[in-house]
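A.B. asks: Pasting in a structure now, in structure tokens, and then I'll have a few things to ask.
The values are calculated or read from the model by the stated rules, or taken from the named source; none is laboratory data. Only a predicted model underlies this, so the values are computations on that prediction, with no experimental measurement involved. Counting neighbours? That spans all protein chains shown, and the Cβs are built from the backbone with ideal geometry, glycine included.
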Amino acid sequence: MGISSRRLTTSFVRIFPGFHTPHVSPAHLEDVCRVLQEQVIPGAVISHTTAAALYGIPLPWHTDGGISLLRTTWSAGHERTTLFRSPGPAALRGSDADLARSTPADAPDLCIPHLHCTVAPGANTSAGPRVTVHRTLDHMSRTRDGLRIPAPGQMLLELALLLPHEDVVIALDHVLGPTTPFGHLTREELRDRLEPYLGRRGGRRLLTALDDAREGVESPGETRTRLLLTRAGFPEPTINLPVTDPDTGRPRRLDLAFEDLQVAIEYDGDWHREQDVWREDHARQDSLESVGWAFRRLNAGDLAQPERFLDALRRTMLARGGNVPARSRWADGALTPGAVRAREHAARRRGASGRNVSARAQRRAA
């Protein structure tokens, strides 16, 4: 095509063997996936976290090369996702960008995520180092905007196999939330739709996550806060409690609340630092405090190191006559994300070991 080797290596990025995209005007994620399943691995189904990103499911910011940090744009009336990294966390409210804190100064301008696809067993396929190819016989898929992707239940099952428990709950909360891509569902309706998948590998983990999922959640930060509170031993708060502003008469919502104690918990993502949002939050809090509400606020830093926030919440609830858990439940970093993941990993290993022992015992008995 008349492009020199030097220009190819300096002005383009290789996505798959034989396929490159220019730095200046990179391909859309949808087009990259279409090339993958039509030309690189014909018949492949775009799956796992790649399919979740196409569905608009929030994923951890660090997953698969930052696929949740891709910027969504509109082209000819259709939603398109570029390979450029978003200009900042404020534009990523629907993703888990708050936990990214900020994009590192040395981060590349172009975000090329790691992709996933699924083929039938026995297929001798490879798409290079940027793609993980999964193989399975029983894979339920559908066509969406010309792309073959998993059915929603299949996609959620795949996330349960890849992601930690909390991140699967976040995905399920989004499916049950106001911006769901699948239409309004109650938790019981979602459970019914997931029934065909629960007996398969990963089904138990998906069902456990569904038990912790709730309807009406509006952000990953709210989910993480709710799960932090229940792990710490606090009662489960009400989600997005409706209240009336005493000064304006306008309806308001509190992210999480203990209504009987009039204690509100607000998660502040980075977009709350925008001037108009900050002013609105400040006015709302001031008005509600005048009629007896107490506010405890937290951000991504508090989720990473929750002791300060939990101590402050405990004091506030204790002063209002509430039942509070012992501080020992979160002392010494017991509820930091790393400690929680380590316990979850150990539990999975114990569960796998127990299943193996059971299988051996069954074989011996037979």
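A.B. asks: Working carefully through the options V243, V291, find the one that is exposed (fewer than 13 other Cβ atoms within 10 Å of the Cβ) and of a type in the set (A, V, I, L, M, F, W, C).
C.D. replies: Exactly one residue qualifies, and that residue is V291.
A.B. asks: Report whether or not D173 is out of contact with any Gly (no Cβ under 8 Å at 6 or more places or on another chain), among the acidic types (D, E) and modelled with pLDDT under 95.
C.D. replies: The answer is no for D173.
A.B. asks: Run down D173, D138, D167 and say which single residue is within 28 Å of A346 (Cα to Cα), out of contact with any helix residue (DSSP H, G or I) (no Cβ under 7 Å at 6 or more places or on another chain) and of a type outside the set (V, I, T).
C.D. replies: Just a single option satisfies the conditions, and that option is D167.
A.B. asks: From A127, A97, A52, grab the single residue that is buried (at least 20 other Cβ atoms within 10 Å of the Cβ), at pLDDT 55 or above and out of contact with any strand residue (DSSP E or B) (no Cβ under 7 Å at 6 or more places or on another chain).
C.D. replies: Of the residues listed, the single one that is buried (at least 20 other Cβ atoms within 10 Å of the Cβ), at pLDDT 55 or above and out of contact with any strand residue (DSSP E or B) (no Cβ under 7 Å at 6 or more places or on another chain) is A52.
A.B. asks: What about R191, is it surrounded by 15 or more Cβ atoms within 10 Å (Cβ to Cβ), out of contact with any His (no Cβ under 6 Å at 6 or more places or on another chain) and within 24 Å of S68 (Cβ to Cβ)?
C.D. replies: When the stated conditions are applied, R191 does not pass them.
A.B. asks: Within region 279-305, count every residue that is within 17 Å of Y267 (Cβ to Cβ) and in contact with a strand residue (DSSP E or B) (Cβ under 8 Å, 6 or more places away or on another chain).
C.D. replies: The total comes to 11.
A.B. asks: Among G233, G249, which is of a type in the set (G, A, S), over 24 Å from P58 (Cβ atoms) and within 24 Å of the chain's Cα centre (by Cα)?
C.D. replies: That would be G233, the only listed residue that is of a type in the set (G, A, S), over 24 Å from P58 (Cβ atoms) and within 24 Å of the chain's Cα centre (by Cα).
A.B. asks: Next up: Just one of the numbered conditions (1) in a helix (DSSP H, G or I); (2) surrounded by 16 or more Cβ atoms within 10 Å (Cβ to Cβ); (3) on the phi > 0 side of the Ramachandran plot is not true of D332; which one?
C.D. replies: Among (1) in a helix (DSSP H, G or I); (2) surrounded by 16 or more Cβ atoms within 10 Å (Cβ to Cβ); (3) on the phi > 0 side of the Ramachandran plot, D332 violates only (2).
A.B. asks: If you check every pair at least six apart or on different chains, which have Cβ atoms under 6 Å apart with a residue in region 40-52 that is assigned to a helix (DSSP H, G or I) first and a residue that is of a type in the set (G, A, S) and surrounded by fewer than 24 Cβ atoms within 10 Å (Cβ to Cβ) second?
C.D. replies: Between residues of region 40-52 that are assigned to a helix (DSSP H, G or I) and residues that are of a type in the set (G, A, S) and surrounded by fewer than 24 Cβ atoms within 10 Å (Cβ to Cβ), the close pairs are V40/A127.
A.B. asks: Can you report the number of residues in region 4-30 which are part of a helix (DSSP H, G or I) and farther than 29 Å from L137 by Cβ?
C.D. replies: Counting residues in region 4-30 that are part of a helix (DSSP H, G or I) and farther than 29 Å from L137 by Cβ gives 7.
A.B. asks: Return yes or no: is E158 more than 13 Å from the chain's Cα centre (by Cα), touching a residue at least 60 places away in the same chain (Cβ under 8 Å) and assigned to a helix (DSSP H, G or I)?
C.D. replies: So E158 passes the test.
A.B. asks: For the list (1) touching a residue at least 40 places away in the same chain (Cβ under 8 Å); (2) in a helix (DSSP H, G or I); (3) of a type outside the set (D, E, K, R); (4) surrounded by fewer than 17 Cβ atoms within 10 Å (Cβ to Cβ), I need the number of the one condition that L207 fails.
C.D. replies: Going through the list (1) touching a residue at least 40 places away in the same chain (Cβ under 8 Å); (2) in a helix (DSSP H, G or I); (3) of a type outside the set (D, E, K, R); (4) surrounded by fewer than 17 Cβ atoms within 10 Å (Cβ to Cβ), L207 breaks only (1).
A.B. asks: Now for a different question. List the residue pairs whose Cβ atoms are under 7 Å apart, where the first residue sits in region 180-204 and is farther than 22 Å from P220 by Cα and touching a residue at least 60 places away in the same chain (Cβ under 8 Å), the second is of a type outside the set (F, W, Y) and surrounded by 17 or more Cβ atoms within 10 Å (Cβ to Cβ), and the two are 6 or more positions apart or on different chains.
C.D. replies: Pairs that qualify, where the first residue is farther than 22 Å from P220 by Cα and touching a residue at least 60 places away in the same chain (Cβ under 8 Å) and the partner is of a type outside the set (F, W, Y) and surrounded by 17 or more Cβ atoms within 10 Å (Cβ to Cβ), are R200/L157.
A.B. asks: Which numbered condition in (1) buried (at least 19 other Cβ atoms within 10 Å of the Cβ); (2) modelled with pLDDT under 95 is the only one that R250 fails?
C.D. replies: (1)
Every residue, every condition in (1) closer than 19 Å to R34 by Cα; (2) basic (K, R); (3) under 13 Å from the mean Cα position of the chain (by Cα), yes or no:
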| residue | (1), (2), (3) |
| --- | --- |
| G128 | yes, no, no |
| V131 | yes, no, no |
| T136 | no, no, no |
| S141 | yes, no, no |
| G146 | yes, no, no |
| D167 | no, no, yes |
| L172 | no, no, yes |
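A.B. asks: Among (1) outside any loop (DSSP other than H, G, I, E, B); (2) over 30 Å from D192 (Cβ atoms), there is one condition G292 misses while meeting the rest; what is its number?
C.D. replies: Result: G292 fails condition (1) only.
A.B. asks: Please name all residue pairs, on different chains or six or more residues apart, with Cβ atoms under 8 Å, provided the first residue is in region 308-329 and is under 10 Å from A232 (Cβ atoms) and the second residue is assigned to a loop (DSSP other than H, G, I, E, B) and β-branched (V, I, T).
C.D. replies: Correct list of pairs: R314/V324.
A.B. asks: Same structure, new question: Consider H282 against the criteria (1) assigned to a helix (DSSP H, G or I); (2) without any contact (Cβ under 8 Å) to a residue 40 or more places away in the chain; (3) under 20 Å from A304 (Cα atoms); (4) not aliphatic (A, V, I, L, M): it satisfies all of them except one. Which criterion is unmet?
C.D. replies: (3)
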